[in-house]
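Below: the structure, in structure tokens.
The values are calculated or read from the model by the stated rules, or taken from the named source; none is laboratory data. Treat the numbers as computed from the prediction; the structure is a model and nothing was measured. Cβ sites come from the backbone with ideal geometry, for glycine too, and all protein chains shown count toward neighbours. Protein only, heavy atoms only, side chains kept; ligands, DNA and RNA dropped before computing areas. Shrake-Rupley method; radii C 1.70, N 1.55, O 1.52, S 1.80 Å.
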Amino acid sequence: MLNGKRYLLIAGGGTLGTYTSNEILRLGGQVDVICPEEKVSHDERLVFHQSLVSDQLLKELFAHTHYDGIVNFIHYQNAEDYKKVHPLLIQNTDHLIFLSSYRVYADEQHPITESAPRLLDVSKDENFLATETYALPKAKCEDYLRSEWAGAPWTIVRPVISFSSRRLDLLLYSGRRVLDYAESGEEMLMPELVKNYAAGIDWAGNSGKLIANLLSKPHTMGQAYTIYSGHGMTWGQVANDYAELTGVKIRWCDEEEYVKSLPQGIMVAWRYDRRFNRDIDPSAILEATGLTRGDFATVKEGIRHELDVLGWKR
């Protein structure tokens, strides 16, 4: 339990941050959230600071509070930008959680464990290594923590795709696109290639619960964990759940037809993530948190919950 302990969620007003905050409160903790969104707290233990994150704001908060834990949800496209803020964070908390991503993993080990090869370490694609701005900066930040802050109280988390009412993800479809297709009756294309691949996706409520349950546990410090509840769903099964709950029509096609339908800007995500088989072993995170697969909602239950949040009527 986190009774009486205070935590800071940086850029914590979004999908993962909201569910992480809810779980911290459920466990008895107190939460400060920095976010640009206007939010109203209905719990005296939850305080929102509506602002973009800045060194000045952080120093003002740290002048009054030494946090039992900090979860930093910011994505840094350049690892050097993270290196500038890390010392300030680590010096003002007993436990810092850095948000990496399951996308750091290459497609070389099945099932994927936390020690599986990363794209940064094994890719031979020079253009990818020179230009990719998501998985690679996160992996470089991980290396920075391990090499320059060994022994410090940090934990790396690598969440899978975490869907919510803000982003109902299905492979590379996100936001409201599934519902837009359902309303229009237009078919959504899905590639046969991944139909039987393990889906790197989970409900954000499960992901937030896992992150919160890592906090203030000394044995998790200096470790990396894939944030995944272990539901074992394939993309075909996830697509079927969306179809059943929303009425969206799915048409399975070959990879060539699917790729032609993709905007150029998301081709990297297809080539270096979604077309990989994301068969993940959840043993490490379940052991670290003391949770079991029975503590989590199914993907279908998560989709149904988020549709209820949206007031969706099929």
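Given a 1.4 angstrom probe, I'd like the percentage of the accessible area of the chain that is carbon and sulfur, rounded to a whole number. Carbon and sulfur atoms account for 46 percent of the accessible area of the chain. Ordering 228, 212, 243 by Cα displacement along the dipole of the range 204-260 toward the positive end leaves 212 in first place; charges were set at the Cβ atoms of Lys, Arg (+1) and Asp, Glu (-1). Neighbours of residue 28 by Cβ distance under 15 Å: Lys/Arg scored +1, Asp/Glu scored -1, total +2. Comparing Cα centroids, the range 152-189 and the range 4-43 end up 21 angstrom apart. The residue among 106, 122, 86 whose Cα reaches farthest toward the positive pole of the charge dipole of the range 55-192, with charges on the beta-carbon of Lys, Arg, Asp and Glu, is 86.
Each part gets one Cα centre, and for the range 249-269 versus the range 70-113 those centres are 30 Å apart.
Only the Cβ atoms of Lys and Arg (+1) and of Asp and Glu (-1) were treated as charged; on that basis the dipole of the chain about its Cα centre amounts to roughly 400 debye. Annotation: lysines with alpha-carbon distance below 21 angstrom to residue 313 (same-chain offsets under eight excluded): 249, 300.
FRET efficiency for residue 113 and residue 146, Cβ-Cβ distance as r, R0 = 25 Å, nearest 0.05? Once the sixth-power term is evaluated, E becomes 0.90. Residue 51 sits among other residues whose Cβ lies under 15 Å from its own Cβ, and their net charge, with Lys and Arg +1 and Asp and Glu -1, is -3. The dipole here belongs to the range 126-190: it is taken about the Cα centre, uses +1 on the Cβ of Lys and Arg and -1 on the Cβ of Asp and Glu, and is about 300 debye.
Descending by average beta-carbon neighbour count within 10 Å, the peptides 62-69, 127-134 line up as 62-69, 127-134, the highest first. Here residue 140 is the anchor, and the lysines within straight C-alpha reach of less than 23 Å, apart from those fewer than 8 places off in the same chain, are 83, 84, 124.
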